[in-house]
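To start, the structure under review is shown below, and the notes come after it.
The values are calculated or read from the model by the stated rules, or taken from the named source; none is laboratory data. Because the structure is predicted, anything quoted here is derived from the model rather than measured. With ideal geometry, Cβ positions are generated from the backbone for all residues, glycine too; neighbour counts draw on all protein chains shown.
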Amino acid sequence: MYKILIVEDDDVIANKILEKMESWGFNAKSCDDLKNVLQEFISYAPQLVLLDISLPFFNGYYWCTEIRKISKVPIMFISSAGDDMNVVMAMNMGGDDFVAKPFDMDVLLAKVHALLRRAYDFKAGQTALMEHNGVVFNSSACTVTYNDQKIELSKNENKILNLLLENKGETVSRDAIMNKLWETDSFVDENTLSVNITRLRKALSSIGIDDLIETRKGIGYIIQ
């Protein structure tokens, strides 16, 4: 089931969109805190964002830029500012489509279906975002973003970090990590795991993320 985040400050419009999306089987949610749209995006992990331009605190262009730093999830602007300049601006900021207010709900729904089809080909779209102390991990894109800096991880680095974040606060044994890496075609032994952990720590350190992964000597690793 696709999840849709609605970022709209007009409660009447937001509720109408919410009802329409849910009536067609989508899992939809209105953004509750327009001061912290990015945090809600990370927590909800939607497959599509419906984003107004005129918002309190920060406008839709700002939030589109912030989302684009960590995700390629489709973004559809919905705005009464439907002149050519705003449409071009929305696309240049990373938007994927634009619907001008007032709009017919059936037209909006058709555009949502079309955008999801283009983005995911009706396969389950997963953004797989996790956030921890300002560190944003996108497992589907194999990226880590921190303080507006981004790095790409290798396949094994991605799997290790994903496993540690999924079990945040718990020690993950070396055997468990090696079993996870065993899903790849390459053989993984104790030394190979140590090399991968070292490379992951070095990659994280390159953008200022130090001491994220702690060693539990003789047992495994933990992210507190």
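Matching residues to (1) acidic (Asp, Glu); (2) over 24 Å from Thr145 (Cβ atoms); (3) free of Cβ contacts under 8 Å to residues at least 60 places away in the same chain:
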site: Lys20; (1), (2), (3): no, yes, no
site: Phe77; (1), (2), (3): no, no, yes
site: Asn86; (1), (2), (3): no, yes, yes
site: Met89; (1), (2), (3): no, no, yes
site: Asp104; (1), (2), (3): yes, yes, yes
site: Val107; (1), (2), (3): no, yes, yes
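When you check Arg118 against the structure, is it of a type in the set (Lys, Arg) and at pLDDT 90 or above, yes or no?
Values: of a type in the set (Lys, Arg): yes; at pLDDT 90 or above: no.
No.
Tell me, yes or no, whether segment 73-82 has at least one residue that is surrounded by 15 or more Cβ atoms within 10 Å (Cβ to Cβ), more than 19 Å from Ser205 (Cβ to Cβ), modelled with pLDDT of 90 or more and out of contact with any Lys or Arg (no Cβ under 9 Å at 6 or more places or on another chain).
Scanning segment 73-82 turns up at least one residue that is surrounded by 15 or more Cβ atoms within 10 Å (Cβ to Cβ), more than 19 Å from Ser205 (Cβ to Cβ), modelled with pLDDT of 90 or more and out of contact with any Lys or Arg (no Cβ under 9 Å at 6 or more places or on another chain).
Mind checking which residues of segment 194-224 are hydrophobic (A, V, I, L, M, F, W, C) and over 21 Å from the mean Cα position of the chain (by Cα)?
Answer for segment 194-224, where residues must be hydrophobic (A, V, I, L, M, F, W, C) and over 21 Å from the mean Cα position of the chain (by Cα): Val195, Ile197, Ile213, Ile219, Ile222.
Give Leu55, Leu50, Leu5, Leu18 a once-over and let me know the one that is touching a helix residue (DSSP H, G or I) at 6+ places or on another chain (Cβ under 6 Å) and either assigned by TED's automatic domain parsing to the domain that holds Asp106 or within 25 Å of Arg117 (Cβ to Cβ) (or both).
Leu5
Please state which of the following conditions Ile53 fails to meet, knowing it meets all the rest: (1) in contact with a Ser or Thr (Cβ under 9 Å, 6 or more places away or on another chain); (2) touching a residue at least 40 places away in the same chain (Cβ under 8 Å); (3) buried (at least 20 other Cβ atoms within 10 Å of the Cβ).
Only one criterion is unmet by Ile53, namely (2).
Pairs only if they're at least six apart or on different chains, beta carbon under 7 angstrom, first in segment 141-156 and under 15 Å from Lys202 (Cα atoms) and outside the structural domain of Leu212 (by TED's automatic domain parsing), second small (Gly, Ala, Ser) and assigned to a strand (DSSP E or B); list them, first residue then second.
none
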